[in-house]
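**Q** Mind looking over this structure? Questions follow.
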Amino acid sequence: MNQEAQFPASALPAAAPSRRTTLAYRALVLFSLIYFLRPEDFIPGMVYIPLGKIAGGIALAALIFGIRRKDRGKMPLEGKILLALLVQLMLTIPFAYWRGGAADTIINKFSKGVIIALLISLVVTKMSDLRKLLFIQAGSVTLVTIASLIVHHTQDGRLMGIQKGILENPNDLAINIAINFPLCMAFLFAAKGGLRKAMWAIGLIVLMYGVVATYSRSGMIAMMMTALICLWEFGVKGRRFMLLASTAILGVLAVGGLVASPKYMARMASLIRRPAAGSMEEGSMEAHGEGSLEARSQLLKESLSLMVHHPIFGIGPGNFPAITREWHVAHNTYTELGAEGGVPALALFLALLICSMRRIRSVRKLPGYAQDASIRLWTAGLWAGIAGYVAGALFASTEYNLFPYFMVGYICSLYEIARRPAEETGAGGTQLQNGNQEELGYGGSTERELAWTR
């Protein structure tokens, strides 16, 4: 009788990942660090080194050569949609208003998002590996926010990021803070020891203040969405009554702070109404918000008009600012992508988001969700993050940035981890590497476990 007949398959140890797969994951970690931390902005001389392109090339090589076919996970539907979207955008180049700009946008921006999403979904098959990537992203955004508040470089009174990339613009900084807020909250609940919990708690407070300091309306809308979902997922369903009480206290303080800051209230109100004539001082925050509202309304109309007149191939990725002669983005991810890539590109992008949201919800029905409390924790965090992005994208142009595609990759990876038995993924069942069920707030009673099921 052989060993396989003596022992059940579930009792056998999981096969170790191949060396090539490990190298592919390390390339993914390196790319994440470079993308979110941007060391070239802080280390003298590194600005002359194209780290982004080097990291992108390494990630592409890892995707093509770094994973053996038998080690790859199955390509998710989201990956196929992304490849179809990439093909559609490439087809727009011959019809673009500015072909060189369209090709540059696709190759140097959007293609990296496709590579990263595919690499995460195919390589990351263990909860510990996914957690490391989430830590890099959440920790980097938190550190950048703290440093930005310390330096406090502003434009028209709005906080700007200290970096030169995606986190420099106040709107991009705010929406990144919003979608990473639930991930930081998940790390707070997963942390062991009072010091780590205190550090994450301070980070959450800094992130909330950072959104307010940017005066970003899109960021505030995304933050409100993620905060409501976090309150429901972590507080109500997770039976964390201290979180509910703390949220109520912070809510009262926040309302008091906003009331004490009429400039911020006026800027937020400009989303739905225009101030009375003569009520604004020239150069004030209110006047800036009024001008921004009028400009955005016009840009929205132009993006819709271009989408109607160029429905198949659009005007070319990255061409909207040039063709309108105003050199501003549309401040709406959906209409700008429809104008630049055509209606097919918009349909594929919407399908990508819908599939991702359905996938993260379906994780709750998988075996790993019932077995492992950490999977339940990150399911809630990623659900809040993707929902916040969908809301914030209505008021920001983010279609060629990488962070939404990181989220898509994370969700696909989490689904595969939850779908497989704990022995295969190294999830470790209900005992976690960074805290048991009681520490995460899920253990101790069947009633609490059932509260997390839909």
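The values are calculated or read from the model by the stated rules, or taken from the named source; none is laboratory data. Quick caveat, the model's predicted, so the values are computed rather than measured. Please note: Cβ atoms are built from the backbone with ideal geometry, for glycine as well, and neighbour counts cover all protein chains shown. The accessibility values were calculated without ligands, DNA or RNA, using every heavy atom of the protein model including side chains. Shrake-Rupley method; radii C 1.70, N 1.55, O 1.52, S 1.80 Å.
**Q** Can you check what the net charge comes to around Gly161, using other residues whose Cβ is under 12 Å from the Cβ of Gly161 (Lys, Arg +1; Asp, Glu -1)?
**A** That sum, taken over residues with Cβ under 12 Å, equals 0.
**Q** Accessible area of region 98-232 with a 1.4 Å probe: how many percent of it is carbon plus sulfur?
**A** 67
**Q** Can you list the lysines whose alpha carbon sits under 28 Å from that of Lys301, skipping same-chain ones fewer than 8 residues off?
**A** Lys109, Lys263
**Q** Which cross-chain or sequence-distant (5 or more) residues have an amide H under 5 Å from the amide H of Leu159, H modelled 1.01 Å from N in plane?
**A** HN-HN under 5 Å from Leu159: Thr214, Tyr215.
**Q** Okay, next question. Can you work out the accessible area per residue across region 290-365, with the rest of the protein chains kept in place, probe 1.4 Å, in square angstrom?
**A** 43
**Q** Between beta-carbons, use under 13 Å as the cut-off and find the net charge around Ala59, counting Lys and Arg +1, Asp and Glu -1.
**A** Residues near Ala59 contribute +3 overall.
**Q** If one computes the Cα centroid of region 161-227 and of region 317-396, what distance in Å separates the two points?
**A** That distance is 18 Å.
**Q** Based on Cβ point charges of +1 for Lys and Arg and -1 for Asp and Glu, what charge dipole magnitude is obtained for region 83-132 about its Cα centre, in debye rounded to the nearest 20?
**A** So the magnitude is around 200 debye.
**Q** Could you point to the residue in Pro321, Tyr389, Leu402 farthest towards the positive end of region 297-408's charge dipole, with +1 and -1 charges on the Cβ of Lys/Arg and Asp/Glu respectively?
**A** Final value for the positive-end residue is Tyr389.
**Q** Under 18 Å from a point 7 Å along the Cα-to-Cβ line of Ile150: which residues of region 29-67 have their amide N that close?
**A** Output list for this probe position: 37-44.
**Q** What's the magnitude of the charge dipole for region 327-378 around its Cα centre, counting Lys and Arg as +1 and Asp and Glu as -1 at the beta-carbon? Answer in Debye, nearest 20.
**A** So the magnitude is around 440 debye.
**Q** Of the peptides 340-351, 37-48, how do they stack up when ordered by the mean number of other Cβ atoms within 10 Å, highest first?
**A** 340-351, 37-48
**Q** Let me check I've understood the local charge: for His331, count other residues with C-beta under 10 angstrom from its C-beta, Lys and Arg +1, Asp and Glu -1. What total comes out?
**A** In short, +1.
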